[in-house]
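Student: Shown below is the structure under consideration.
Quick note: the coordinates plus some simple rules give every number you see, no bench work behind them. Not measured: the values here are computed from a predicted model. Because the Cβ atoms are built from the backbone with ideal geometry, glycine has one as well, and the counts that use them run over all protein chains shown.
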Amino acid sequence: MEPCDYNHLILYAKGWYEQGDRVEDVRRILAIRAMPHPKPEDADVWLCVVNALEKYCPEKMARIMTELFKPIPKLGKPFRFNSSPCSLNRALYYALTELAHLTVNDDEGNATLELGGPDEDILPFSNLYQELILKGLAQ
């Protein structure tokens, strides 16, 4: 197994992979690229995603956690996994939104974050990525 990395999680967030069931997609990416077991539990998935957030956008962690843990006006209940009003799916939505906005190039077009390309053995490529391949703009 290659060293733990979050590149494919970021590529997923940026839309380079076809997106289906968010929780299962992220579970698969992390099981292949970042975790030692084939079917990580929800808590393990969330912890791994939090680690990626801490590594790549620590300044946004407070906002993400505030969004997740604030009471929902109609229900008045805070975040709780595996129950309403929140789920791992909702938590991943906020986290992936932040990862999707990571800057990977500076103003001159130089890479500031080397992500590589998506791997079809992890998930199918998105239509966006396939179009870029056809145009010669992606690997």
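Student: For the peptides 110-120, 16-26, what is the packing order when you average, over each peptide's residues, the other Cβ atoms within 10 Å and list the highest mean first?
Tutor: Numbers: 110-120: 12.2, 16-26: 17.1.
Sorting 110-120, 16-26 by mean packing, highest first, produces 16-26, 110-120.
Student: Could the peptides 127-135, 27-35 be put in order, highest first, of the mean number of other beta-carbon atoms found within 10 Å of their residues? Provide the component values of the computation, followed by the final result.
Tutor: Details: 127-135: 13.1, 27-35: 20.4.
Output ranking for 127-135, 27-35: 27-35, 127-135.
Student: Subtracting the Cα-Cα distance from 0.36 nm times the residue separation, let me have the gained length for Y93 to T112 in nm, one decimal.
Tutor: Numbers: separation 19, 0.36 × 19 = 6.84 nm, distance 2.44 nm.
Using 0.36 nm per residue and subtracting the Cα-Cα distance, I get 4.4 nm.
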